[in-house]
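In what follows, a single structure is set out as structure tokens and then discussed.
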Amino acid sequence: MNKKSMAVYPGSYDPLTNGHIDIIQRGLKLFDKIIVAVLKNPDKTYLFDLDERCHMLREAFPDPARIEVDHFEGLLVDFVKRRDVTTIVRGLRAISDFEIEFQMALMNRKIEPRIETIFLVPSESYSFLSSKLVKEIYMLGGEVGSMVPDVVDRMLKEKFRRRP
Ligand code: PNS
């Protein structure tokens, strides 16, 4: 049997948004399986901890056959190699994403030339959407239900109910 074509879609997912989901669905048109890789960076403060971020992804994508949720610490290319994959998927929303994404793709290729990065463009209705803005809008009292999956909306409500 042919080896399944797989790609790694890495990110912070703090939190998962409908823009990420759109990219995953587009990725599934190109690959048999997408490994969603959640970064744990000990130097960064997240709103949702690693378990919560993995939980929201697993609830949004309960069937691991084509969408597997995993996590990593350290270099992305080391994780990609460990999973025996050679393609990284990233979303490109706008020109403003390009510079940093281009730099990361080239740096990852410099460290590990066998790994390619491909960029997928989300629906234009998500081109303005980011985890950072979702958090900001929610914290300032706005509604984000149309921007995130139900599980994230629920988890945001739970988290902020606990906070003063
Ligand atoms: O969702 P994000 O925060 O835009 O994702 C960024 C991510 C996780 C793809 C990037 O920060 C990353 O790959 N971090 C792992 C550390 C690493 O490999 N650094 C060198 C990349 S050039």
*What does the helix-only formula give at 222 nm for the chain: each DSSP H stretch with n ≥ 4 adding -39500 (n - 2.57), the total divided by the residues, and the result rounded to the nearest 500 deg cm²/dmol?*
-13000 deg cm²/dmol
*Please identify which residues in segment 62-90 have an amide N closer than 16 Å to a label point set 7 Å out from the Cα of Leu28, following the Cα→Cβ vector.*
62-70
*HN-Hα J couplings of segment 74-90 from phi, Karplus 6.51/-1.76/1.60, θ = phi - 60°, integer Hz, Gly and Pro as x?*
x, 6, 4, 5, 5, 4, 4, 5, 4, 8, 6, 10, 10, 10, 10, 10, 9
*Gap separating the Cα centres of segment 46-109 and segment 18-42, nearest whole Å*: 7 Å
*So for the pair Glu136, Asp78, with labels modelled 7 Å out along Cα→Cβ, what separation do we get in nm?*
3.3 nm
*What are the principal axis extents of the Cα atoms in segment 84-164, in Å, biggest first?*
48, 28, 20
*Mind listing the phi-derived Karplus ³J(HN,Hα) values for segment 128-145, rounded to whole Hz, using 6.51, -1.76 and 1.60 with θ = phi - 60°, and x for any glycine or proline?*
9, 8, 8, 4, 4, 5, 4, 4, 4, 4, 5, 5, 8, x, x, 9, 10, x
_If a paramagnetic tag sat 7 Å from the Cα of Asp70 along the Cα-Cβ line, which residues of segment 18-36 would have the backbone N under 12 Å from that point?_
34-36
*Would you mind finding the longest exposed-site-free stretch of the chain, with exposed trypsin sites (Lys or Arg not before Pro) meaning DSSP loop and at most 12 other Cβ atoms within 10 Å?*
45-113
*How many percent of DSSP beta bridges within the chain run antiparallel, rounded to 5?*
0 percent
*Kirkwood-type radius of the chain, with distances r between different C-alpha atoms, in Å*: 16.5 Å
*asked:* Under the rule of at least 5 residues apart or a separate chain, name every residue whose amide H is placed under 5 Å from the amide H of Met147.
replied: none
*Extension gain from Lys44 to Ile100, taking 0.36 nm per residue of separation minus the Cα-Cα distance*: 18.4 nm
_Long-range amide H partners of Leu120 with built H, under 5 Å_ = Arg90, Gly91, Leu92
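Values quoted throughout were computed directly from the atomic coordinates according to the rules given, and no laboratory measurement underlies them. Because the structure is predicted, anything quoted here is derived from the model rather than measured. With ideal geometry, Cβ positions are generated from the backbone for all residues, glycine too; neighbour counts draw on all protein chains shown.
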